[in-house]
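Peer 1: The structure follows.
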């Protein structure tokens, strides 16, 4: 399986007995089932799929500047709707040697956190016991830390960001 331009060698959720490593079985494709990743010998089978491309920008911008940049050059600031998407984002941050927080497409508006692309907020990764994000007065933009937690941050701070 490929992520970006590299072979994904860090997959930890293999199904029992996978990956097969012998000359009699050479998987040409991989699919993710309920019990993990499975090798498929033939590419003639059909499975549901999704594609997206995460881009970590090496220029630091405010949250609004990052949003504008992503919408002009890609699609949007990324939303992280699952642990899988969270891990992919962390992998991109590590691959680009980013050692601090990055902007994600999260904003506190009215009385709740929202994804700017309209996705519902069904998955959350706030640090355990953190209450600061509940009703922030100033820090109303969402960031992803290198440890994989979300944090509310000052929107005027210039940091790296992730587009998709």
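No value in this document is a laboratory result; all are computed from the given coordinates. These numbers come from a predicted model, not from an experiment. Note that each Cβ is placed from the backbone with ideal geometry, even for glycine, and that neighbours are counted across all protein chains shown.
Peer 1: Is the shape of segment 109-150 rounded, prolate or oblate, going by the alpha carbon gyration tensor and its root eigenvalues a ≥ b ≥ c, with a/c under 1.5 for rounded and a/b larger than b/c for prolate?
Peer 2: It comes out oblate by the Cα gyration axes.
Peer 1: What order do you get for 74, 97 when you list them from fewest to most C-beta neighbours inside 10 Å?
Peer 2: The fewest-first ordering by Cβ neighbours comes to 97, 74.
Peer 1: Please arrange 137, 80 by how many other C-beta atoms lie within 10 Å of their C-beta, fewest to most.
Peer 2: 137, 80
Peer 1: Also: Based on the mean of other Cβ atoms within 10 Å per residue, sort peptides 146-155, 125-134, 106-115 so the most packed one is first.
Peer 2: In descending order of packing, they fall as 146-155, 106-115, 125-134.
Peer 1: How far apart, in nanometres, would the label points at residue 124 and residue 95 be if each is projected 7 angstrom from Cα along the Cα-to-Cβ direction?
Peer 2: Result for the modelled spin labels: 3.0 nm.
Peer 1: Can you check how the C-alpha radius of gyration of segment 55-163 compares to 2.2 N^0.38 Å, as a plain ratio?
Peer 2: Taking N as the residue count of segment 55-163, the ratio is 0.96.
Peer 1: From Cα pairs below 8 angstrom and at least 6 apart in sequence, can you work out the relative contact order of segment 55-163, rounded to a whole percent?
Peer 2: For segment 55-163, the relative contact order is 41 percent.
Peer 1: Something else now. Would you mind computing, in nm to one decimal, how far apart the modelled labels at residue 68 and residue 81 are, each placed 7 Å from Cα along Cα→Cβ?
Peer 2: Placing both labels 7 Å along Cα→Cβ, they lie 2.8 nm apart.
Peer 1: In segment 61-89, which residues have a backbone nitrogen under 19 Å from the label point lying 7 Å from residue 156's Cα in the Cα-to-Cβ direction?
Peer 2: 61-68
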